[in-house]
Amino acid sequence: MTKHMLTAMASGLALMAATPALAQQQGGTTVTTANVQGPILSFSVNQEVRSRPDQATVGAGVQTTAPTAVEAMRLNAAAMDKLIAAAKARGIKAEDIQTSGISLSPQYDYNNSGNGQSPRFVGYQVSNTVRATTSKIDEIGALLDALVAAGGTNIDGPWFGVKDADAQLVGARGAAIKEAEAKAADYARLAGYRGAELVSISEGSFGGPMPPVPMVRLQAMEAAGKATPVEPGQVSNTLTLSFQYRLVR
C-alpha cells in the first residue's frame, strides 16, 4: 500500500469522525440535529390528551350445546345469524362486525365423580363471539339490549376510543417541546453551563382504551322499557417525547 493511499484513508476517517451523528429508531420518530459531544442530558416529557370518544366496540356471543358436535355447530350458526342481523339492524356495517373467537369443546357431568364413577359425557358446547364497532356512541345501550334480545348470552365491553388518535397529539407535541426546552435550560443553569443544544427527539405514544362498562340491571331496564345506561366518559392518549440535549459552556 503506497504512502498516498494511506494518506487518503486517514483523511476519509477524519471526515467520518467530524460528521454529525444521525439517529434512527424503529417504531417511532427520531430527529437528530447536532453532534453528540460533551455532557449529554437525557429525559422524557409526557403529555396526556383527554377527549370524548367517537367510537365504541362491543363484544357479543352465543353458546349452544347439543349431543353431537355437528348439531352444536348448526345450532350455534343459526343463533349467530340472528345476533349479527340484530347488529346490522342497529346500523352496524358488515365491515365493522368481526368474529373474535369460535370454540368447540366436549362437556361432562362431574357430579358423581367423587363416588368413583367416571364423568358422564353430556354433549358438545360451541361458543361464538363477534365484535361490533360503531360511531353511534349515544346508542350503545340500545345496541347491547338488542343483542341480548336476539339471543346473545355473552356480552363484553364496551371499549371506547377515537378514530384518529394521532390528530389529538398535534397540540401536545408543541407543548412537550416547550416543556423540554425549559427543563433543559434549567438543568444547564443548575449545572453551571451557558445553555443546552438539542441533539435528538424520539416519539412514542399510547392510546389507553377505557375499561369495559359493567352491564348492571339489564333485565330491570328492559322491563322498564329503557335502554341500558352507558356513560362514555373520556379516553386518554398519552404522548411521550424523549429528548437529548448537549450542555454547552
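Does Ala167 satisfy the criteria of being open to solvent by less than 70 Å² (accessible area, probe 1.4 Å), modelled with pLDDT under 95 and assigned to a helix (DSSP H, G or I)? Explain how you work it out, then say what you get.
Values: open to solvent by less than 70 Å² (accessible area, probe 1.4 Å): yes; modelled with pLDDT under 95: yes; assigned to a helix (DSSP H, G or I): yes.
So Ala167 fits the description; yes.
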Discussion item. I need a count of the residues in the range 43-82 that are open to solvent by less than 70 Å² (accessible area, probe 1.4 Å) and not polar (S, T, N, Q).
Written reply: 20
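Anything in the range 122-142 that is more than 19 Å from Met73 (Cβ to Cβ) and under 23 Å from the mean Cα position of the chain (by Cα)? List them, or say none.
If we filter the range 122-142 for residues that are more than 19 Å from Met73 (Cβ to Cβ), which is where we start, we get 131-142.
Correct list: Arg131, Ala132, Thr133, Thr134, Ser135, Lys136, Ile137, Asp138, Glu139, Ile140, Gly141.
Restricting attention to the range 115-129, which residues are of a type in the set (Ser, Thr, Tyr) and in contact (Cβ under 8 Å) with a residue 12 or more places away in the chain? Break it down stepwise before answering.
The first filter runs over the range 115-129 and keeps only residues of a type in the set (Ser, Thr, Tyr), leaving 118, 124, 127, 129.
The answer is Tyr124, Ser127, Thr129.
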Worksheet, complete the sentence: Taking the range 226-244 and keeping residues in a strand (DSSP E or B) and touching a Ser or Thr at 6+ places or on another chain (Cβ under 8 Å) leaves Val235, Asn237, Thr238, Leu239, Thr240, Leu241, Ser242, Phe243, Gln244
Fill in: Residues of the range 128-161 classified as in contact with a helix residue (DSSP H, G or I) (Cβ under 8 Å, 6 or more places away or on another chain) and assigned to a strand (DSSP E or B), total
8
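Which residue, of Asn128, Asn154, is under 20 Å from Ala89 (Cβ atoms), surrounded by fewer than 18 Cβ atoms within 10 Å (Cβ to Cβ), in contact with a strand residue (DSSP E or B) (Cβ under 7 Å, 6 or more places away or on another chain) and not charged (D, E, K, R)? Let's see the steps before the verdict.
Values: Asn128 fails: surrounded by fewer than 18 Cβ atoms within 10 Å (Cβ to Cβ).
Of Asn128, Asn154, the one residue that is under 20 Å from Ala89 (Cβ atoms), surrounded by fewer than 18 Cβ atoms within 10 Å (Cβ to Cβ), in contact with a strand residue (DSSP E or B) (Cβ under 7 Å, 6 or more places away or on another chain) and not charged (D, E, K, R) is Asn154.
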Discussion item. Can you find, within the range 83-108, the residue that is least open to solvent (accessible area, probe 1.4 Å) among those that are in a helix (DSSP H, G or I) and closer than 12 Å to Asn128 by Cα?
Written reply: Leu83
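The values are calculated or read from the model by the stated rules, or taken from the named source; none is laboratory data. Values in this document were obtained by computation on a predicted structure and should not be read as measured data. Quick reminder, even Gly has a Cβ in these numbers, built from the backbone with ideal geometry, and neighbours come from all protein chains shown. These area figures cover heavy atoms from the full protein model, side chains too; ligands, DNA and RNA do not enter into them. Shrake-Rupley method; radii C 1.70, N 1.55, O 1.52, S 1.80 Å.
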